[in-house]
Amino acid sequence: MISFILVAAVALLGIALAGIITDRHFIVIMLAVELMFISSTILLMYFFYHASNPDPSVFPMMVSIWAVAAVEVIALITFYVYMKFRGFDFDVTRLSKLKW
């Protein structure tokens, strides 16, 4: 079970890195960053749970990581609606058109 958790977290991290490197769509990049947050939270919980001296401060740290991820999703949805309303494309190579 322990190795399965590590393999799953590293696999999520690999998928996220592949999504950032290979895709140019803004939404996919932001979702890949979200996967990185999830992977880091899983690894953090694993290592703090199996430490020889468990620290109870890991739970507020986990909640703060999840809060940052939730704020990222809210910002992403807001940005998506704004960009669709303005008629912009979501290709990150065309971000130079975002100048005011």
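With respect to (1) in contact with a helix residue (DSSP H, G or I) (Cβ under 8 Å, 6 or more places away or on another chain); (2) part of a helix (DSSP H, G or I); (3) of a type outside the set (A, V, I, L, M); (4) modelled with pLDDT under 80, the lone exception for PHE88 is condition (2).
Among the numbered conditions (1) out of contact with any helix residue (DSSP H, G or I) (no Cβ under 6 Å at 6 or more places or on another chain); (2) loosely packed, with under 15 Cβ neighbours inside 10 Å, the only one that SER40 does not meet is (2). In this structure, is LEU35 surrounded by 15 or more Cβ atoms within 10 Å (Cβ to Cβ) and free of Cβ contacts under 8 Å to residues at least 24 places away in the same chain? Considered against the rule, which asks whether it is surrounded by 15 or more Cβ atoms within 10 Å (Cβ to Cβ) and free of Cβ contacts under 8 Å to residues at least 24 places away in the same chain, LEU35 comes out as yes. Of all the residues in region 1-32, those that are in a helix (DSSP H, G or I), surrounded by 13 or more Cβ atoms within 10 Å (Cβ to Cβ) and not hydrophobic (A, V, I, L, M, F, W, C) number 1.
The values are calculated or read from the model by the stated rules, or taken from the named source; none is laboratory data. In this text the structure is predicted, and so the values were computed from the model without any measurement. Here Cβ is always computed from backbone atoms with ideal geometry, including for glycine, and neighbour counts include all displayed protein chains.
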